[in-house]
Amino acid sequence: MSRAEQPSRRSVLAAAVAAAVAGGTGAAVAAGTDETAETVDGDAARARPVDHRSWVTYADWITGTAQGTRAVAGARPGLAVDAPLGTLDHTDPHTKTTAAWEYATWTSSVHRLAVPATEAIVSWNASTPAGTWLQIELTGTYSDGTDTPWYVMGRWAAGDQDIRRTSVDGQTDGRSTVWTDTLAIDDTATGLRLVSYRIRLTLHRRPGTGLTPTVWRAGVMGSDVPDRFTVPASVPGLARELAVPRYSQEIHKGRYPEYDNGGEAWCSPTSSQMIIEYWGGRLTPAQLKWVDPAYSDPQVCHAARHTYDHQYGGCGNWPFNAAYAATFKDLQGVVTRLASLTDLETLIAAGIPAMTSQSFLKEELTGAGYGTAGHLMTVIGFTADGDVIANDPNAADDASVRRVYRRREFENVWLRTKRYNASGTVVSGTGGVCYLYFPARPTARQRVALEVVGVRA
């Protein structure tokens with residue numbers, strides 16, 4: 001058999017996970033034991049147009065180059081400040097405030113992409129107590145042997161009392177550009193690709209304190225999804241629905257203009273909050289005290305405030321949403337791309353809902369009742385016919401959030417990279433972008449499902 005014909009370990013695992021719960025409606029049950037949770041084979045990784053690499057274990061953190069940082073062992077290993085390299089002044093571009101910060105760095109070893117990439121998205125999970133924040137950067141090597149600059153992929157803190165959470169505009173070397181949260185090759189038709197990269201974390205704290213950010217997870221999703229207006233149809237393989245809370249973004253229309261005014265601008269944090277609460281994440285009355293008591297679902301307002309990107313001017317920064325999810329106890333969050341609805345079935349089978357990013361005209365997704373240039377919703381299951389069950393926050397109220405969308409239509413608007421907008425102009429699609437939130441200590445079944453879709457748990 002050719003490689004394409006061989007039943008890869010990834011496909012075998014996917015089939016095992018899905019078969020174990022096909023038609024089920026209860027708690028996740030899946031095939032396999034801890035022994036099945038090893039890394040998916042290399043052939044499977046190469047068959048997928050996505051390379052997702054994460055640093056998450058103690059062994060990961062002791063690799064690379066530490067300058068003033070140390071690896072922290074324990075149930076949730078991480079990276080923390082040890083002995084700062086010195087002090088620097090940082091001027092926040094949004095508050096215009098200049099302050100002194102101690103800093104320390106960690107630089108990963110070089111990761112060579114299994115899939116030379118046209119795009120790369122960085123995500124991270126961290127704790128940043130008041131008086132701390134972090135910056136994450138990426139540098140890569142092109143397929144012609146030259147290097148990119150160090151690109152800032154985010155300046156981040158869980159709160160907003162020290163710095164304003166922000167992406168950085170205007171970063172380009174004339175061959176690649178950072179677009180808010182995505183590093184993209186400027187002209188993919190030239191054949192230029194990113195073949196390897198390193199990441200650098202810079203941890204900051206108030207001088208003279210013993211404070212430290214702690215980074216539990218950092219990762220990069222590199223991808224080379226082919227240009228396409230349509231995608232191959234997958235075959236239905238699972239009927240199951242997860243009990244995920246339902247929240248409408250539309251009931252927040254006009255709320256908090258400083259965080260982009262609610263309504264359609266809040267699809268990402270609203271969807272994030274649904275999955276966070278599915279996993280048991282709850283906000284305390286003290287955390288929600290700042291929200292106007294007249295507002296319903298105050299936790300959605302909180303999610304918007306704490307995912308807001310002050311440069312982008314919105315709550316749709318993908319890594320910022322994943323980082324927000326990971327501020328809840330024992331949760332992880334990553335940004336990746338998936339290959340088909342079969343991947344989503346594998347996750348749903350293991351009890352893991354997913355947030356998908358898509359764009360479409362009103363007539364391209366039956367039952368939506370709207371068109372969008374970009375929208376996040378939460379996939380929570382599949383019907384017996386294989387149609388997609390989604391918690392779509394673009395709804396008049398919480399009760400009408402649950403929708404069923406035709407499988408073929410949903411798969412296409414989510415996975416394509418090219419589409420026509422209302423004026424007939426060719427514009428881009430997201431190519432299967434997805435947020436995955438899951439436990440810090442996933443079960444063996446959940447670990448297998450994540451490995452199947454290319455995410456190291």
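The values are calculated or read from the model by the stated rules, or taken from the named source; none is laboratory data. Please read all numbers here as calculations on a predicted model, not as lab measurements. Don't worry about glycine lacking a Cβ; one is built from the backbone with ideal geometry, like all the others, and counts go over all protein chains shown.
Are any of the residues in the range 392-413 in contact (Cβ under 8 Å) with a residue 12 or more places away in the chain, over 27 Å from residue 279 (Cβ atoms), among the hydroxyl-bearing types (Ser, Thr, Tyr) and touching a strand residue (DSSP E or B) at 6+ places or on another chain (Cβ under 9 Å)?
Within the range 392-413 (the criterion being in contact (Cβ under 8 Å) with a residue 12 or more places away in the chain, over 27 Å from residue 279 (Cβ atoms), among the hydroxyl-bearing types (Ser, Thr, Tyr) and touching a strand residue (DSSP E or B) at 6+ places or on another chain (Cβ under 9 Å)), the answer is no, since none of the residues qualifies.
Output yes when any residue across the range 334-344 is more than 24 Å from residue 164 (Cα to Cα) and assigned to a strand (DSSP E or B), and no when none is. Write out each step before concluding.
Narrowing the range 334-344 to residues more than 24 Å from residue 164 (Cα to Cα): 336-344.
Checking the rest, the ones that are also assigned to a strand (DSSP E or B) come to 336-337.
Yes, the range 334-344 has at least one match.
Scan the range 64-90 residue by residue and report those that are part of a loop (DSSP other than H, G, I, E, B), closer than 17 Å to residue 200 by Cα and within 24 Å of the chain's Cα centre (by Cα).
Correct list: 64 only.
Any residue in the range 271-281 that is free of Cβ contacts under 8 Å to residues at least 40 places away in the same chain and polar (S, T, N, Q)?
Yes - at least one qualifying residue is present in the range 271-281.
Is it the case that some residue within the range 246-259 is surrounded by 15 or more Cβ atoms within 10 Å (Cβ to Cβ), assigned to a strand (DSSP E or B) and within 23 Å of the chain's Cα centre (by Cα)? If you could, list the steps in order and put the result at the bottom.
As a first pass, look at the range 246-259 and keep what is surrounded by 15 or more Cβ atoms within 10 Å (Cβ to Cβ): 246-252, 255-256, 259.
Subsequent filtering for residues that are assigned to a strand (DSSP E or B) retains none.
The answer is no; no qualifying residue exists.
Name the single residue that is surrounded by the most Cβ atoms within 10 Å (Cβ to Cβ) among those in the range 212-230 being under 22 Å from the mean Cα position of the chain (by Cα) and outside any strand (DSSP E or B).
Checked the range 212-230; the qualifying residue surrounded by the most Cβ atoms within 10 Å (Cβ to Cβ) is 213.
Just for the range 129-149: of the residues that are among the polar types (S, T, N, Q) and under 18 Å from residue 323 (Cβ atoms), which one is surrounded by the fewest Cβ atoms within 10 Å (Cβ to Cβ)? I'd like the intermediate steps shown before the answer.
Step one: list which residues in the range 129-149 are among the polar types (S, T, N, Q), which gives 132, 135, 139, 141, 143, 146, 148.
Adding the requirement that they be under 18 Å from residue 323 (Cβ atoms) leaves 132, 135.
Working: 132: 26, 135: 20.
Out of the qualifying residues, it is 135.
Okay, residues lined up against (1) buried (at least 16 other Cβ atoms within 10 Å of the Cβ); (2) among the hydrophobic types (A, V, I, L, M, F, W, C); (3) at pLDDT 95 or above:
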residue: 151; (1), (2), (3): yes, no, yes
residue: 154; (1), (2), (3): yes, no, yes
residue: 158; (1), (2), (3): yes, yes, yes
residue: 165; (1), (2), (3): yes, no, yes
residue: 168; (1), (2), (3): yes, yes, yes
residue: 173; (1), (2), (3): no, no, yes
residue: 180; (1), (2), (3): yes, no, yes
residue: 185; (1), (2), (3): yes, yes, yes
residue: 193; (1), (2), (3): yes, no, yes
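Any idea which of (1) β-branched (Val, Ile, Thr); (2) in contact with a Gly (Cβ under 9 Å, 6 or more places away or on another chain); (3) surrounded by 14 or more Cβ atoms within 10 Å (Cβ to Cβ) is the one residue 209 doesn't satisfy?
With respect to (1) β-branched (Val, Ile, Thr); (2) in contact with a Gly (Cβ under 9 Å, 6 or more places away or on another chain); (3) surrounded by 14 or more Cβ atoms within 10 Å (Cβ to Cβ), residue 209 is out only on (3).
Only one of 196, 234, 268 is on the phi < 0 side of the Ramachandran plot and in a helix (DSSP H, G or I). Can you tell me which? Full working, then the answer.
Numbers: 196 fails: in a helix (DSSP H, G or I); 234 fails: in a helix (DSSP H, G or I).
Residue meeting the stated conditions: 268.
Just to confirm my filter: which strands (runs of 3 or more DSSP E) fall fully inside the range 96-144 and include at least 3 residues that are closer than 18 Å to residue 179 by Cα and assigned by TED's automatic domain parsing to the domain that holds residue 334? Spell out how you get there, then give the answer.
Values: elements: 98-107, 111-117, 119-127, 132-142.
Because the criterion is at least 3 residues that are closer than 18 Å to residue 179 by Cα and assigned by TED's automatic domain parsing to the domain that holds residue 334, no strands (runs of 3 or more DSSP E) in the range 96-144 meet it.
Output the qualifying pairs, or none if there are none: Cβ atoms under 9 angstrom, residues six or more apart or on different chains, first residue in the range 221-246 and over 19 Å from residue 434 (Cα atoms), second residue of a type in the set (Asp, Glu).
From the range 221-246, the pairs are 236/345; 236/385; 236/387; 237/345; 238/345; 239/385; 240/345.
Return the only residue of 335, 291, 300 being under 30 Å from residue 419 (Cα atoms) and at pLDDT 95 or above.
Numbers: 291 fails: under 30 Å from residue 419 (Cα atoms); 300 fails: under 30 Å from residue 419 (Cα atoms).
None of the others qualify; the one that does is 335.
Please specify each residue of the range 310-325 satisfying the condition of being in contact (Cβ under 8 Å) with a residue 60 or more places away in the chain and either surrounded by fewer than 24 Cβ atoms within 10 Å (Cβ to Cβ) or not assigned by TED's automatic domain parsing to the domain that holds residue 380 (or both).
Filtering the range 310-325 for residues in contact (Cβ under 8 Å) with a residue 60 or more places away in the chain gives 310-312, 316-325.
Listed by number, the residues that qualify are 310, 311, 312, 316.
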